[in-house]
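Asker: What follows is a single structure, and I will ask about it in a moment.
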Amino acid sequence: MRTNVFCSSSRRVFLQAALAGAAGPSLLRAAETPPPPQPHRFLEPARELPLRDDADVIVCGGGPAGVAAALAAARAGARARLFETQGCLGGVWTSGLLTYIFDFDKPGLTRELMAQLDQRDARRHRNPSRFVYEPEAMKLLLEELCDAAQVKLQLHTRVAAACCEGNRLTTVVTESKSGREAWRARVFIDATGDGDVGAQAGCEWEIGQGRDGPCQPMTLNALAVVRDAAALGEFISFYQDDRRHLPAVQAFQREIARAGCEASYGHPTLFHIRDNLILVMINHEYGVKPFDAAQVTQATVRARGEVHRIVRALAALGGPWAGMQVVASAEQIGVRDGRRIRGRYTVTRDDLVNGARHPDAVARVTFNVDIHAATREENRKETISHGNFKMKPYDIPLRALIAKDVDGLMMAGRCISGDFVAHASYRVTGNAVAMGEAAGKVAALAAQTNRLPHEINWPEIR
């Protein structure tokens, strides 16, 4: 799928780059008279925007991949700026209340995060690859790390447009309480999860199993308090036993049925956060495009209603469930399947089958294929498919993180270049951190040496 470039020096809109001092404004102006609007379309008037040019690397999206990218770039000596739409860093870790981390046993920032969480007594289980963490502690930790690295952080800010000069991305436009603002950088990293920047810049992209094919479902998580978590131990995944998951899921599912409900997610799960605080994961929202705000809104409202309805029904059972109450639902619904921006290499199913190795490997993936059912009917038959083959650990090459259609743009996280099956493996957050860290290092070196990301050799970084 190919979208039109929002603005380009050779087309309808260009940026006037006359800064009045370091903080002075520049202008975004129409270069020619636009045609009249078509029926049911509104032609937005051209207007001047303040332009900031104070960063070498701009990272869009402050989730696991984006934070890692911004930290790596700043620690490598680049001036790094980070935009995040929510009111905290962490994305699905915090605003999404994921609470459970997969495929985290990797060198670099992942080990630093584990050590910091342990110092704060904010991690349950000692398995380095998968564990439960406290979302509120994660928020504070990520903010402190970015502050120490002097990352220029701006929350409550969404990237609204990406502007190219020729084939190079030079500027993004944001929307916030401050209005529309334009920002220049030498290199940009799309860590939005849904590939928003790549799509806005005109990159080709895919989603789901085809242009109009099904996507994996979304999930809205929630935190709940109970009177005694230990009394619910048989229903809590990995509770005091790192191997105990499916038996707990099946036992929890029977309790939901006993309460007169059916969860839309066929593997309803509880995780123990700490004390008597637990995480409730019971929801699937099917057939929702993550870039359709109306669809995401409806899915969020439905999901929150389902979570509260089932928790109330469980509480009504009495016994160990008595007093169970939702104390917080996620600020953002969890998205498994968004845009995948076309890069200079595409990670495919064959890479997983063959255990691909690459000289420019930035992450070694060990997480299995994890394809959630596309419809509620399929969910009742098989909630999660593993692709009907045995996956071998494989490499993600740097080339999959570099946009093919637009220069100066990298990706990190689940919006990198891959097919549907491969994405169902590498999309978990341990891999997102490793990809973000690599993207940040490459972006910093590219900016500092006046090169483009695709001109950087990975051995220079290693």
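Asker: Calculate for the chain the 222 nm mean residue ellipticity that helices alone would give, adding -39,500 (n - 2.57) per DSSP H run of length 4 or more and normalising by residue count, nearest 500 deg cm²/dmol.
Answerer: Calculated from helices alone, the mean residue ellipticity at 222 nm is -8000 deg cm²/dmol.
Asker: Another one. Enumerate the helices in the chain for which the Kyte-Doolittle hydropathy averages 0.0 or more and the C-alpha atoms extend at least 27 Å along the helix's axis, using complete DSSP H runs.
Answerer: Numbers: long enough: 293-316 (35 Å, 0.17); 429-448 (28 Å, 0.61).
Membrane-span-like by this criterion, though nothing is claimed about a membrane: 293-316, 429-448.
Asker: Between [x] 21.9; [y] 22.8; [z] 24.8, which matches Kirkwood radius over Cα pairs in Å calculated for the structure shown?
Answerer: [y]
Asker: I would also like to ask the following. Rounding to the nearest 20 debye, state how big the charge dipole of the chain is about its Cα centre with +1 on each Lys and Arg Cβ and -1 on each Asp and Glu Cβ.
Answerer: On the way: 57 positive and 52 negative charges, 62 e Å.
That gives a dipole near 300 debye.
Asker: Rank Gly77, Pro39, Val57 by how far each Cα sits towards the positive end of the charge dipole of the chain (+1 on Lys, Arg Cβ; -1 on Asp, Glu Cβ) and give me just the farthest.
Answerer: Among Gly77, Pro39, Val57, the one farthest towards the positive end of the dipole of the chain is Pro39.
Asker: Ok, one more. Separation of the stretch 271-292 and the stretch 395-410 by C-alpha centroid, Å?
Answerer: The distance from the Cα centre of the stretch 271-292 to that of the stretch 395-410 comes to 31 Å.
Asker: Still on this structure, please answer the following. Can you tell me which of 120-126, 399-405 comes out highest on packing, and rank the rest after it, using the mean Cβ neighbours within 10 Å?
Answerer: Result, highest mean first: 399-405, 120-126.
Asker: Let me ask you something else. Could you sort 220-231, 438-449, 187-198 so that the peptide with the highest average Cβ count within 10 Å comes first and the rest follow in order?
Answerer: 187-198, 438-449, 220-231
Asker: For Ala363, enumerate residues with amide H under 5 Å from its amide H, sequence gap 5+ or separate chain, H modeled in the peptide plane.
Answerer: Under 5 Å from the amide H of Ala363 lie the amide H atoms of Ile396, each far enough along the sequence or on another chain.
Asker: Over 30 Å between Cα atoms, which of Lys139/Lys392; Lys139/Lys177; Lys106/Lys152; Lys152/Lys404 qualify?
Answerer: From the list (Lys139/Lys392; Lys139/Lys177; Lys106/Lys152; Lys152/Lys404), the Cα-Cα distance tops 30 Å for Lys139/Lys392.
Asker: Would you mind computing, in nm to one decimal, how far apart the modelled labels at Glu144 and Ser178 are, each placed 7 Å from Cα along Cα→Cβ?
Answerer: About 2.7 nm, to one decimal.
Asker: A further question on this structure: Quote to one decimal, in nm, the extra length available between Glu262 and Ala115 on full extension: 0.36 nm per residue of separation minus the C-alpha distance between them. Please list the in-between numbers first.
Answerer: Numbers: separation 147, 0.36 × 147 = 52.92 nm, distance 3.90 nm.
Here the answer is 49.0 nm.
Asker: In addition: Enter the per residue convex hull volume of the stretch 222-329, computed from alpha-carbon coordinates, in Å³ rounded to the nearest integer.
Answerer: It is 102 Å³ per residue.
Asker: If R₀ is 56 angstrom, what is the calculated FRET efficiency for the pair Arg168 and Ala231, using the beta carbon separation as r and rounding to 0.05?
Answerer: Working: r = 60 Å, r/R0 = 1.07.
That pair, Arg168 with Ala231, gives E of 0.40.
Asker: Further question: Going toward the positive end of the dipole of the stretch 77-183, with +1 on Lys and Arg Cβ and -1 on Asp and Glu Cβ, which of Thr174, Ser95, Met114 do you reach last?
Answerer: Farthest towards the positive pole: Thr174.
Asker: Listed highest first by mean packing, meaning other Cβ atoms within 10 Å per residue, what order do 137-148, 246-257 come in?
Answerer: 137-148, 246-257
Asker: Rounded to two decimals, what is Rg over Rh for the stretch 136-285 when you use alpha-carbon atoms and the Kirkwood radius?
Answerer: Ratio of gyration radius to Kirkwood radius for the stretch 136-285: 1.11.
We did not get these values from a lab; they are worked out from the coordinates using the rules stated. Values in this document were obtained by computation on a predicted structure and should not be read as measured data. So basically every Cβ, Gly included, is an ideal-geometry build from the backbone, and we count neighbours across all protein chains shown.
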